[in-house]
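Visitor: Okay, handing you the structure first.
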Amino acid sequence: MNGKEHRIIGSGVGIGTYVLDRCIRQRPLRLVQAIGSGVGGYVGGHFPDDIEPAFHPNHRDSFHSVGTGVGVTFIATKSYFLTDWLEQKSEWIDNNIKESSCFLEKTILWIIKFLIDLLTGFVIGFLGGYVSHIVLDATTSKSIPWV
């Protein structure tokens with residue numbers, strides 16, 4: 001697998017992870033969060049090679065391992081604490097935008113809300129993209145280490 005393939009597949013898996021998260025948690029899909037999850041998957045899909053560059057076929061170490069894949073999957077199942085907190089902030093900003101009569105304040109709040117929603121999707125997508133990299137590398141002839 002090359003870096004381009006990891007990024008493309010990571011983006012798809014990141015978006016899929018976001019949609020799955022929304023379905024399981026019965027939350028609405030939001031376009032900005034979906035975009036953030038695609039970007040997060042893109043970054044996460046190549047992240048193990050950013051940490052352990054693929055200069056030679058035996059480059060895979062702890063960040064390309066089964067143990068790390070399991071750990072990231074565990075973190076992904078617990079990341080709802082962070083994403084819930086971000087979504088609470090986003091809802092709080094929504095309420096303040098509705099109550100504000102100042103154009104500048106509304107604009108600043110809207111930009112902050114946009115960034116929070118983007119970050120929410122990014123976190124979910126990054127974790128999915130990272131795991132996709134581990135799974136893809138496990139299917140190669142060199143495979144991946146256990147730890």
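Visitor: Out of everything in the stretch 18-56 that is in contact with a helix residue (DSSP H, G or I) (Cβ under 6 Å, 6 or more places away or on another chain) and among the polar types (S, T, N, Q), what residue ends up being surrounded by the fewest Cβ atoms within 10 Å (Cβ to Cβ)?
Guide: Across the stretch 18-56, the extreme among qualifying residues is Gln33.
Visitor: Quickly run through the stretch 111-128 and pick out the residues that are aromatic (Phe, Trp, Tyr) and either closer than 10 Å to Val39 by Cα or not in a helix (DSSP H, G or I) (or both). Working first, answer last.
Guide: Filtering the stretch 111-128 for residues aromatic (Phe, Trp, Tyr) gives 114, 122, 126.
Phe122, Phe126 - these are the residues of the stretch 111-128 that are aromatic (Phe, Trp, Tyr) and either closer than 10 Å to Val39 by Cα or not in a helix (DSSP H, G or I) (or both).
Visitor: Taking the stretch 1-19 on its own, how many of its residues are of a type in the set (Lys, Arg) and either under 16 Å from Thr139 (Cβ atoms) or over 13 Å from the mean Cα position of the chain (by Cα) (or both)? So that I can check it myself, show each step before the final result.
Guide: So the first thing to find is which residues in the stretch 1-19 are of a type in the set (Lys, Arg), and the list is 4, 7.
Next cut, either under 16 Å from Thr139 (Cβ atoms) or over 13 Å from the mean Cα position of the chain (by Cα) (or both) only: 4.
The qualifying residues number 1.
Visitor: Can you find even one residue in the stretch 59-78 that is within 17 Å of Gly36 (Cα to Cα) and either modelled with pLDDT under 90 or in a helix (DSSP H, G or I) (or both)? Full working, then the answer.
Guide: Filtering the stretch 59-78 for residues within 17 Å of Gly36 (Cα to Cα) gives 76.
When the remaining residues are screened for being either modelled with pLDDT under 90 or in a helix (DSSP H, G or I) (or both), the result is 76.
Yes, the stretch 59-78 contains at least one residue that is within 17 Å of Gly36 (Cα to Cα) and either modelled with pLDDT under 90 or in a helix (DSSP H, G or I) (or both).
Visitor: Another question about this same structure. Is it the case that the stretch 25-41 has a residue that's at pLDDT 90 or above, assigned to a loop (DSSP other than H, G, I, E, B) and polar (S, T, N, Q)?
Guide: If we filter the stretch 25-41 for residues that are at pLDDT 90 or above, which is where we start, we get 26-41.
Next cut, assigned to a loop (DSSP other than H, G, I, E, B) only: 26-30.
Subsequent filtering for residues that are polar (S, T, N, Q) retains 26.
Yes: one or more hits.
Visitor: Here's something else I'd like to know. Could you list, ordered by first residue, the pairs with Cβ atoms under 9 Å in which the first is in the stretch 39-58 and under 18 Å from Asp117 (Cα atoms) and the second is modelled with pLDDT of 80 or more and of a type in the set (Asp, Glu), at least 6 apart or interchain?
Guide: Taking only residues 6 or more apart or on different chains, the pairs are Val43/Asp50.
Visitor: Would you please name the residue that is surrounded by the most Cβ atoms within 10 Å (Cβ to Cβ), looking only at residues in the stretch 93-105 that are farther than 23 Å from Leu29 by Cα and of a type in the set (D, E, K, R)? Before the answer, list the steps.
Guide: Within the stretch 93-105, the subset farther than 23 Å from Leu29 by Cα is 99-105.
Still in the list and also of a type in the set (D, E, K, R): 99, 105.
Values: Glu99: 9, Glu105: 13.
So the residue we want is Glu105.
Visitor: When you go through (1) surrounded by fewer than 19 Cβ atoms within 10 Å (Cβ to Cβ); (2) without any contact (Cβ under 8 Å) to a residue 60 or more places away in the chain one by one for Ser90, which number turns out not to apply?
Guide: Just one mismatch for Ser90, condition (1).
The values are calculated or read from the model by the stated rules, or taken from the named source; none is laboratory data. Fair warning: this is a prediction, and the values are worked out from it, not measured in the lab. Note that each Cβ is placed from the backbone with ideal geometry, even for glycine, and that neighbours are counted across all protein chains shown.
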